[in-house]
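Each remark here refers to the structure printed beneath this line.
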Amino acid sequence: MRLPMNLVSFCIFGALTTITACGDDGGGGEDNEVITTVTLQLVPMGGGTTVTASFKDADGDGGAAPTIDPLDLVTAKTYTVTVRFLNELENPPEEITEEVRDESDQHFLFFTGTAVNGPASNQPTAPLAHTYADMDANGIPIGLSNTVVTTPGTGQLTVTLRHLPPVNDTAVKTADLPMQVKDSGFGALPGSTDVSVTFMTTVQ
């Protein structure tokens, strides 16, 4: 995704209120998106209450502290999970989700943390069992649509959007990237992080 060079990009990391500047993506020549809002919507299959949890930093880096909702779910449920991204520094707010979808061959969402077991997270006793439910044109997951199955427990769910533009006209998004994250963390990945947000999660 391409932004004016004078637009400051940022990433949101781990401890919920910490914001740091993202650097160059290391070869793709494109800036990271500005993302101020990340929303998870979880719809229980077979009926039940839809759960929405959001991270919001509407005034951007250097303003008021961000707010983040806890994620409270019901056990023994299968939820469909969708992820939405906004830049609320723009008026009207800019919908980043569609840009991620349009450039899905250059983006990958990863679901990690003590609350999740899945392709990118090795936590066998975690309360959330994650699987991807969407693919890009190359048959590789994106992560805008997902499924989680719940069991009782608590922990942290971290949602990370990684920007993976081609390097020297060679694609760097590959199907084994979640396994690389699981084995070695994000330092092993190409590209750079657009946003990473942690939701405190309770299933009961």
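The values are calculated or read from the model by the stated rules, or taken from the named source; none is laboratory data. For clarity, every value in this text was computed on a predicted model and none was experimentally measured. Quick reminder, even Gly has a Cβ in these numbers, built from the backbone with ideal geometry, and neighbours come from all protein chains shown.
Within segment 54-76, the residues that satisfy the criterion of being of a type outside the set (A, V, I, L, M, F, W, C), surrounded by fewer than 19 Cβ atoms within 10 Å (Cβ to Cβ), touching a residue at least 24 places away in the same chain (Cβ under 8 Å) and closer than 23 Å to Val116 by Cβ are Lys56, Asp69, Pro70, Asp72, Thr75.
If you check Thr170, Thr193, which single one turns out to be within 15 Å of the chain's Cα centre (by Cα) and more than 20 Å from Val81 (Cα to Cα)?
Details: Thr170 fails: within 15 Å of the chain's Cα centre (by Cα).
Being within 15 Å of the chain's Cα centre (by Cα) and more than 20 Å from Val81 (Cα to Cα) holds for just one of Thr170, Thr193, which is Thr193.
Taken as a whole, the structure places Ala58 among residues that are within 20 Å of the chain's Cα centre (by Cα), part of a loop (DSSP other than H, G, I, E, B) and more than 17 Å from Gly143 (Cβ to Cβ). Residues in segment 154-181 that are buried (at least 17 other Cβ atoms within 10 Å of the Cβ) and under 24 Å from Leu128 (Cα atoms): Gly155, Gln156, Leu157, Thr158, Val159, Thr160, Leu161, Arg162, Leu177, Pro178, Gln180, Val181. Screening Gly143 on (1) touching a residue at least 60 places away in the same chain (Cβ under 8 Å); (2) surrounded by 17 or more Cβ atoms within 10 Å (Cβ to Cβ); (3) at negative phi shows it passes everything except condition (3). Could you grab me the full set of residues in segment 65-90 that are touching a Phe, Trp or Tyr at 6+ places or on another chain (Cβ under 9 Å) and in a loop (DSSP other than H, G, I, E, B)? Selection gives Pro66, Asp69, Pro70.
Residue check: is Asn32 more than 26 Å from Pro141 (Cβ to Cβ) and either at pLDDT 90 or above or not in a helix (DSSP H, G or I) (or both)? When the stated conditions are applied, Asn32 does not pass them.
Of the residues making up segment 132-155, those that are part of a strand (DSSP E or B), within 14 Å of the chain's Cα centre (by Cα) and within 20 Å of Leu189 (Cβ to Cβ) number 3. Report yes if some residue within segment 108-120 is crowded, with 21+ Cβ neighbours inside 10 Å, in contact with a helix residue (DSSP H, G or I) (Cβ under 6 Å, 6 or more places away or on another chain), under 18 Å from Ser196 (Cα atoms) and small (Gly, Ala, Ser); otherwise report no. Yes, because at least one residue in segment 108-120 is crowded, with 21+ Cβ neighbours inside 10 Å, in contact with a helix residue (DSSP H, G or I) (Cβ under 6 Å, 6 or more places away or on another chain), under 18 Å from Ser196 (Cα atoms) and small (Gly, Ala, Ser). A residue that is of a type in the set (Phe, Trp, Tyr) and under 21 Å from Asn32 (Cα atoms) occurs somewhere in segment 109-131.
Flag set for Ala53, criterion: closer than 26 Å to Gly153 by Cβ and among the hydrophobic types (A, V, I, L, M, F, W, C).
Among residues of segment 122-140 being crowded, with 23+ Cβ neighbours inside 10 Å and touching a residue at least 60 places away in the same chain (Cβ under 8 Å), the one that is farthest from Met45 (Cα to Cα) is Pro127.
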